[in-house]
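S.K.: Please read through the structure below; I'll follow up with questions.
No lab work stands behind these numbers, since they all come straight from the coordinates. Quantities reported herein were computed from a predicted structural model and do not represent experimental measurements. Note that each Cβ is placed from the backbone with ideal geometry, even for glycine, and that neighbours are counted across all protein chains shown.
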């Protein structure tokens, strides 16, 4: 296996929120070009609170694949920051059902791009602080 150097999506664009990392809704396409110019080979996709993330739409998934191939950038992982605020534990059954439904959709969409790694960041408000939290998960 060859070691490759990559960058998290959103790091090469102007920040649109106060968050350290967020999806660059208006400049995500340019991030592939910039990544290649800098010498990166891999881009980690960010899925946060933005509703306009193209990974949720099958037509846009094709576009992501095309742009990645055009710039020879591998999208091999997705950081699902969305679940930091929309937890998979400690929420109502309705919320949990909706969050799991979205997670399942993300898994299917990631498969279309051949994303092999989905990171669920259990930090901040979604940290697993108690045994109960861990058991609910």
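S.K.: Calculated from DSSP H runs of 4 or more alone, at -39500 (n - 2.57) each and per residue, what is the 222 nm mean residue ellipticity of the chain, nearest 500?
M.R.: Taken over the chain, the calculation gives -12000 deg cm²/dmol.
S.K.: Going by how many other Cβ atoms sit within 10 Å of their own, how do 61, 75, 46, 123 line up, fewest first?
M.R.: Starting with the residue having the fewest Cβ neighbours, the order is 123, 61, 75, 46.
S.K.: Between residue 107 and residue 70, how many nm apart are label points set 7 Å from Cα along the C-beta direction?
M.R.: Label at residue 107, label at residue 70, 3.2 nm between them.
S.K.: Expected output is a single nm value to one decimal: the length gained when fully extending between residue 2 and residue 134, i.e. 0.36 nm times separation in residues minus the C-alpha distance. What is it?
M.R.: Length gained, residue 2 through residue 134: 44.0 nm.
S.K.: Compute the acute angle (0 to 90°) between the alpha-carbon long axis of helix 58-70 and the principal axis of greatest extent of the alpha-carbon atoms of the chain; round to the nearest 10°.
M.R.: 40
S.K.: If you don't mind, there's one more thing I want to ask. Specify whether the C-alpha gyration tensor of the stretch 58-107 places it in the rounded, prolate or oblate class, a ≥ b ≥ c being the square roots of the eigenvalues: rounded for a/c under 1.5, otherwise prolate if a/b is larger than b/c and oblate if not.
M.R.: prolate
S.K.: Considering Cα pairs under 8 angstrom that are at least six residues apart, work out the relative contact order of the stretch 6-136 and quote it in whole percent.
M.R.: Once normalised by length, the contact order is 23 percent.
S.K.: Distance between the C-alpha centers of the stretch 109-137 and the stretch 32-51? Whole Å please.
M.R.: 21
S.K.: Follow-up question, since we're still on this one. May I have the convex hull volume per residue, in Å³, for the Cα set of the stretch 95-137?
M.R.: 83
S.K.: Under 11 Å from a point 7 Å along the Cα-to-Cβ line of residue 42: which residues of the stretch 70-105 have their amide N that close?
M.R.: Only 74-78 fall inside the zone, counting backbone N under 11 Å.
S.K.: Measure nothing fancy, just the Cα-based angle from helix 28-38's long axis to the longest principal axis of the chain, in degrees from 0 to 90, nearest 10.
M.R.: 60
S.K.: Could you work out how far helix 93-113 tilts from the main Cα principal axis of the chain, as a 0 to 90 degree angle to the nearest 10?
M.R.: The two axes meet at around 20 degrees.
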